[in-house]
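Working notes, beginning with the structure itself.
Read the figures in this text as sums done on the coordinates, not as results from a lab. Predicted, not measured: the structure shown is a model, and the values here were computed from it. Don't worry about glycine lacking a Cβ; one is built from the backbone with ideal geometry, like all the others, and counts go over all protein chains shown.
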Amino acid sequence: KNRDPNEREFHQAVSEVVDSIKPVLDRNPEYRSARILERIVEPERVIMFRVPWVDDDGDVHVNRGFRIEMNSAIGPYKGGLRFHPSVNLGILKFLAFEQVFKNSLTSLPMGGGKGGSDFDPKGKSDMEVMRFCQSFMMELCRHIGPDTDVPAGDIGVGAREIGFLFGMYKKIRNEFTGVLTGKGLNWGGSLVRPEATGYGAVYFAAEMLDTKSKTLDGTTSLVSGSGNVAQFAMEKLIQLGSKAITFSDSSGYIYDEKGVDREKLDFIMNLKNVRRGRVSEYADKYPEAVYTPVNPDAGFNPLWNHKADCAFPCATQNEINDKDAAHMVANKVKVLSEGANMPTTPDGVELFLNNGLLYGPGKAANAGGVSVSGLEMSQNSMRLGWSREEVDQRLKAIMKNVHKTCKETADQYGTPFNYVNGANIAGFVKVADAMLDQGIV
Ligand code: NDP
């Protein structure tokens with residue numbers, strides 16, 4: 001904390017992992033003597049750079065670009081790029097740190113990284129976004145490569161941005177390689193990549209429910225966010241018979257008692273992906289739905305205070321605090337699967353764990369996205385494309401395996417159903433062992 005005094009989210013992510021792995025360090029003194037913990041919290045490399053770009057009026061702007069190359073013990077650095085005004089070093093270090101454990105859990109050979117910029121794509125024209133992406137890639141291209149570091153999308157970086165970034169990388173390096181994932185289908189992308197994180201979070205919830213001989217069919221779900229992860233979580237919920245009654249953006253949330261059906265989801269996808277509008281428009285289109293704007297003084301988010309069986313936070317970090325968690329416990333929510341990264345504050349997590357709610361932490365529950373990114377890398381290396389069924393089957397199998405690993409590890413360390421411990425310990429051990437094997441580097 002003295003070394004990185006202002007990195008609140010990074011400290012939060014590290015503290016959680018350190019709490020979980022104490023018994024592992026006690027059982028394995030070689031981890032302590034090789035200073036694995038001290039090494040694993042220090043990024044292998046941090047790249048920060050200037051991103052100058054010109055808007056449609058000819059005015060010059062300067063944003064800050066980042067890439068955190070956190071750990072490459074088990075594979076090339078892998079993790080998304082986030083474009084959002086809140087982006088800073090501490091947020092990206094937390095995301096890169098989480099990514100190391102998540103990627104380890106997928107069982108695919110991927111190290112951990114994360115990057116992005118404080119650029120805000122909201123309200124920018126396509127040409128402005130393109131010029132920004134080109135300037136960003138002009139610098140990033142010297143640090144990444146298909147066997148070195150393979151970025152993907154995250155908040156504010158979707159198909160459009162990956163296209164602009166890939167086009168510039170290809171032009172500068174004069175090579176067509178799988179240097180980014182989330183690419184378009186006809187230029188190296190994988191089927192099911194856009195769906196993977198949301199689908200995966202729902203598969204993980206289904207696995208957790210299965211331990212209690214329950215299914216999602218006939219349940220009601222709370223979803224937050226309305227971006228990539230939220231949209232495909234809702235799509236899978238519809239397919240598995242669960243009714244999503246909420247979703248949101250940073251301005252407010254929708255409560256639709258009747259639930260989001262296929263037609264309504266198509267409206268949301270068009271609204272957010274094509275027209276780039278706000279969720280409030282949903283209530284204009286469907287008058288039975290209620291829109292509630294964000295109230296920054298409320299101290300809690302009313303989205304989490306509706307009666308439901310399941311919850312899928314799919315927006316951003318720390319969107320569920322202790323009050324929200326208490327509301328969900330009181331409303332008897334049975335299962336919560338995190339599509340977003342670290343959406344629950346530590347005291348919220350504690351409430352879930354102490355009250356027997358099945359709680360799937362992001363680094364396990366949202367591992368589906370990076371898993372299919374790993375499959376996209378394999379397909380690019382082979383210069384082949386798998387069918388939708390093949391990728392979806394592999395995604396399902398990976399999520400089943402991530403769940404099993406977390407559950408068995410939690411049991412093994414005497415904390416049954418503590419998926420936080422399970423994910424942290426299992427993710428850590430694989431990376432720590434690789435670091436031991438590779439010496440002090
Ligand atoms: P998108 O940009 O597609 O959507 C983000 C959604 O969250 C939007 O609805 C956005 O609202 C809302 N949101 C973003 N920031 C805030 C904020 N500060 N306060 C309130 N709402 C906010 O991103 P994704 O769906 O890709 O990502 C969502 C979460 O999932 C993130 O935590 C990300 O790290 C995580 N994740 C994503 C993966 C992926 O494959 N894309 C993989 C694994 C995890 P608005 O439109 O108003 O900004």
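Along the principal axes of its C-alpha atoms, what lengths does the stretch 131-219 span, in descending order and rounded to whole Å?
Extents along the principal axes, in whole Å: 54, 25, 23.
Convert each backbone phi in the stretch 11-16 into a coupling constant with the Karplus relation 6.51 cos²θ - 1.76 cosθ + 1.60 (shift: θ = phi - 60°), then list the ³J(HN,Hα) values in order as whole Hz, x for Gly and Pro.
Using θ = phi - 60°, the values come out as 4, 4, 5, 5, 4, 4 Hz.
Read phi for every residue in the stretch 242-249 and hand back ³J(HN,Hα) as whole Hz from Karplus 6.51 cos²θ - 1.76 cosθ + 1.60, θ = phi - 60°, with x for Gly and Pro.
Going residue by residue, I get 9, 9, 7, 10, 9, 6, 7, 9 Hz, with x marking Gly and Pro.
Please state, as a whole number in µm²/s, the translational diffusion coefficient that the Stokes-Einstein equation yields for the stretch 207-329 at 37 °C and 0.692 mPa s, with Rh defined as the Kirkwood radius across alpha carbon pairs.
Numbers: Rh = 14.6 Å.
Rounded to a whole number, D works out at 224 µm²/s.
Quick check: Cα centre of the stretch 205-284 to Cα centre of the stretch 338-393, how many Å?
Between the Cα centre of the stretch 205-284 and that of the stretch 338-393, the gap is 17 Å.
Compute for the stretch 326-369: radius of gyration divided by Kirkwood radius, i.e. Rg/Rh, restricted to C-alpha atoms, rounded to two decimals. Don't skip to the end; give the middle numbers.
On the way: Rg = 10.3 Å, Rh = 10.6 Å.
Ratio of gyration radius to Kirkwood radius: 0.96.
Nearest-5 percent of antiparallel DSSP beta bridges in the chain? Walk me through the numbers on the way to the answer.
Numbers: 26 of 45 bridges.
So the antiparallel bridges in the chain amount to around 60 percent.
What list of whole percents do you get for P(r) of the stretch 18-115, with Cα-Cα distances grouped in 5 Å bins up to the one holding the largest distance?
All Cα pairs, binned at 5 Å, distribute as 3, 12, 19, 18, 17, 12, 7, 5, 3, 2, 1, 1, 0 percent.
Size of the dipole of the stretch 55-152 about the Cα centre, Lys and Arg at +1 and Asp and Glu at -1 on the beta carbon, nothing else charged, in debye to 20?
Details: 11 positive and 13 negative charges, 104 e Å.
Dipole size: approximately 500 debye.
Based on the Cβ-Cβ distance from Asn354 to Val429, what FRET efficiency comes out when R0 is 25 Å, to the nearest 0.05?
That pair, Asn354 with Val429, gives E of 0.45.
Can you list the HN-Hα couplings for the stretch 179-196, worked out from phi with the Karplus curve (6.51, -1.76, 1.60; θ = phi - 60°), rounded to whole Hz and with x for Gly and Pro?
Couplings: 7, 10, 10, x, 6, x, 4, 8, 9, x, x, 10, 4, 6, 5, x, 7, 4 Hz.
For the residues Arg131, Arg8, what sequence is obtained by ranking on other C-beta atoms within 10 Å, fewest first?
Numbers: Arg131 19, Arg8 15.
So the residues, fewest neighbours to most, are Arg8, Arg131.
What is the ratio of the Cα radius of gyration of the stretch 349-408 to 2.2 N^0.38 Å, where N is its residue count, to two decimals?
Values: Rg = 14.9 Å, N = 60, 2.2 N^0.38 = 10.4 Å.
My calculation over the Cα atoms of the stretch 349-408 gives 1.43.
I need the fraction of alpha carbon pairs in the stretch 323-441 separated by more than 24 Å, rounded to a whole percent. List each step's numbers first, then the result.
Details: 2837 of 7021 pairs.
For the stretch 323-441, the fraction of Cα-Cα distances above 24 Å is 40 percent.
Under a 5 Å amide H to amide H cut-off, with H placed in plane at 1.01 Å, what residues pair with Ala244 once short-range neighbours are removed?
Amide H neighbours of Ala244: Ser221, Val260.
Report the trypsin sites (Lys or Arg not before Pro) located in the stretch 192-241 that are in a DSSP loop and have at most 12 other Cβ atoms inside 10 Å of their Cβ, or state none. Let's see the in-between values first.
Details: sites: Lys212, Lys214, Lys236; in loops: Lys212, Lys214.
Answer in residue order: Lys212.
Where does each of Asp284, Asp4 land when they are ranked from fewest to most other beta-carbon atoms within 10 angstrom? Can you show the working numbers first?
Details: Asp284 9, Asp4 15.
Arranged by neighbour count, lowest to highest, Asp284, Asp4 become Asp284, Asp4.
Just the projected area, averaged over all directions, of the convex hull on the alpha carbon atoms of the chain: how many nm²?
The directionally averaged projection comes out at 20.7 nm².
Suppose every Lys and Arg Cβ carries +1 and every Asp and Glu Cβ carries -1, with no other charges. What dipole size does the stretch 125-245 come out with about its Cα centre, to the nearest 20 debye?
It works out to roughly 120 debye.
Sorting Ser213, Ser378 on the 10 Å Cβ count, fewest up front, what's the list?
Values: Ser213 6, Ser378 15.
If I rank by nearby Cβ atoms, fewest first, I get Ser213, Ser378.
What residues have an amide H closer than 5 Å to that of Ser226, excluding those fewer than 5 places away on the same chain, when H is modeled at 1.01 Å from N in the peptide plane?
Result for Ser226 returns Ser248.
Pick out, in residue order, every one of the chymotrypsin sites (Phe, Trp or Tyr not before Pro) in the stretch 136-181 that is DSSP loop and has at most 13 other C-beta atoms within 10 Å; say none if there are none. Write out the running numbers ahead of the final one.
Details: sites: Phe136, Phe164, Phe166, Tyr169, Phe176; in loops: Phe176.
Filter output for the stretch 136-181: Phe176.
Taking the Cα centre of the chain as the origin, how large is its charge dipole in debye, to the nearest 20, when only Lys and Arg (+1) and Asp and Glu (-1) carry charge on their Cβ atoms?
Values: 52 positive and 56 negative charges, 139 e Å.
Computed about the Cα centre, the dipole is about 660 debye.
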